[in-house]
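S.K.: Let me give you the structure first, and then I'll get to my questions.
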Amino acid sequence: MREFGYVRAATVAEAIGLAAEGPVAYLAGGTNLVDLMREEVERPRRVVDISRLPLSAVEDLPDGGLRLGALARNAHVAADDRVRRRYPVLARALLRGASPQLRNRATVGGNLLQRTRCRYFYDLGAACNKRAPGTGCEAIGGFDRGHAILGASESCVAVHPSDMCVALAALDATVNLTGPEGDRSVPVSDLHLLPGDTPQVETVLRSGELVTSVDLPPWPPARGAYVKVRDRASYAFALVSVAVLVQVHEGTITLARIALGGVAPKPWRAYAAEELLTGAAADERTFGAAAEEAVVGARPLRHNGFKAELARRLIRRTLVKLS
Ligand code: SF4
């Protein structure tokens with residue numbers, strides 16, 4: 001690990017002020033950043049420790065929604081009674097991520113901003129446009145079983161590894177940010193960028209910006225599920241995961257949300273499938289059509305063609321179960 005400067009910020013304003021002086025890496029739970037620094041994939045010259053900032057509360061919002069502090073631990077959020085009752089899809093997604101030890105350390109903000117687990121990204125001897133722009137992408141033509149089938153580019157085919165983000169995308173959550181230029185909010189579905197020609201730019205965050213919280217809007221009583229398929233029963237990233245929310249009234253679908261994980265560089269909202277479902281009869285034919293629609297445009301690599309079929313089956317089966 002390279003030498004770096006370390007400062008612990010006492011307030012949000014102090015953290016932002018330090019970032020305004022020059023590039024920093026914010027350290028919260030450290031479950032991803034410390035690994036990246038140890039492997040020298042990331043080499044920040046200054047680390048600002050934000051772990052003691054007062055951003056860990058889970059609070060009711062006046063409109064009936066819920067605010068998750070950026071430093072709330074994943075385990076704490078999953079166990080919160082309001083999350084379990086009002087947003088069970090989120091609680092389930094959190095509990096399917098990582099291990100109990102990691103969930104006790106990892107924070108909401110860190111989970112949002114965690115970096116890909118593409119093996120070539122962590123291998124300093126491999127060509128990787130995300131780690132070293134312009135060097136190429138060793139995953140293309142390499143071992144690509146876990147990589148993207150949707151939203152990728154010729155520069156990068158990595159997937160976003162988070163389970164939590166998939167549930168947040170389905171729930172229409174909003175990310176609150178603060179930085180040297182002030183405060184702003186971004187829908188979680190707009191937070192992560194597709195790689196295009198610049199896979200090293202992963203989010204819309206500006207220099208020095210800090211995630212302060214995530215807002216969940218009040219939700220109508222829809223039924224929901226988070227289903228994750230992985231190589232082993234725990235402590236593994238998704239091959240494909242799906243967050244589904246659906247509301248059915250007298251046989252007609254009145255609300256539908258579908259987000260996919262493990263298939264794209266960002267949590268992947270299946271908007272066209274949602275549109276197809278809304279107002280349609282809640283039957284197998286509709287569910288099959290929606291499942292097909294969700295993976296339109298998929299471009300499998302050499303070893304991951306199974307992901308499209310897996311996603312279709314997961315969506316169809318989950319919709320049948322929920323309706
Ligand atoms: Fe790097 Fe992306 Fe290629 Fe992986 S898929 S090697 S992260 S450029």
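The values are calculated or read from the model by the stated rules, or taken from the named source; none is laboratory data. In this text, all values refer to a predicted model and were calculated from it rather than measured experimentally. No Cβ is skipped: glycine too gets one built from the backbone with ideal geometry, and neighbour counts run over all protein chains shown. Side chains included, ligands, DNA and RNA excluded: accessible areas come from the protein's heavy atoms. Shrake-Rupley method; radii C 1.70, N 1.55, O 1.52, S 1.80 Å.
S.K.: Could you give the size of the charge dipole of region 63-147 about its Cα centre, using +1 on the Cβ of each K and R and -1 on the Cβ of each D and E, expressed in debye and rounded to the nearest 20?
M.R.: 320
S.K.: What does the charge add up to near Arg86, with Lys and Arg as +1, Asp and Glu as -1, over the other residues with Cβ less than 11 Å from its Cβ?
M.R.: 0
S.K.: A further question follows. When a/c is below 1.5 the answer is rounded, else prolate if a/b is larger than b/c, else oblate, so apply that to the chain with a ≥ b ≥ c taken from the square roots of the Cα gyration tensor eigenvalues.
M.R.: Verdict is oblate for the chain.
S.K.: A further question follows. So with the 1.4 Å probe, I'd like the accessible area per residue for region 118-244, rounded to whole Å².
M.R.: Result: 39 Å² of accessible area for each residue.
S.K.: To the nearest 20 Debye, how big is the dipole of region 5-52 about its Cα centre, given +1 on the beta carbon of each Lys and Arg and -1 on that of each Asp and Glu?
M.R.: The dipole magnitude comes to about 120 debye.
S.K.: Continuing with this model, one more query. Working only with C-alpha atoms, what are the Rg and Dmax values of region 5-52, expressed in angstrom?
M.R.: Cα-based Rg and Dmax for region 5-52 come out at 10.5, 31 Å.
S.K.: Additional query: In Å, the Kirkwood hydrodynamic radius of region 94-239 over pairs of distinct alpha carbons?
M.R.: In region 94-239 this quantity evaluates to 16.7 Å.
S.K.: Against the empirical 2.2 N^0.38 Å scaling, what ratio does the C-alpha Rg of region 223-322 come to?
M.R.: 1.05
S.K.: With axes computed from alpha carbons, what is the tilt in degrees of helix 306-322 against the longest principal axis of the chain, rounded to the nearest 10 within 0 to 90?
M.R.: Rounded to the nearest ten degrees, it is 60.
S.K.: Tell me the carbon and sulfur percent of the accessible area for the chain, rounded to whole percent, probe radius 1.4 Å.
M.R.: 50
S.K.: Taking amide hydrogens as modeled 1.01 Å from N in the peptide plane, which residues meet the under 5 Å criterion relative to Glu42, leaving out close sequence neighbours?
M.R.: Met37
S.K.: Under the 0.36 nm per residue contour assumption, what length would be gained going from the current alpha-carbon distance of Ala10 and Glu275 to full extension?
M.R.: 90.8 nm
S.K.: Roll a 1.4 Å probe over the protein chains and send me the accessible area per residue for region 1-64 in Å².
M.R.: Dividing the accessible area of region 1-64 by its residue count gives 57 Å².
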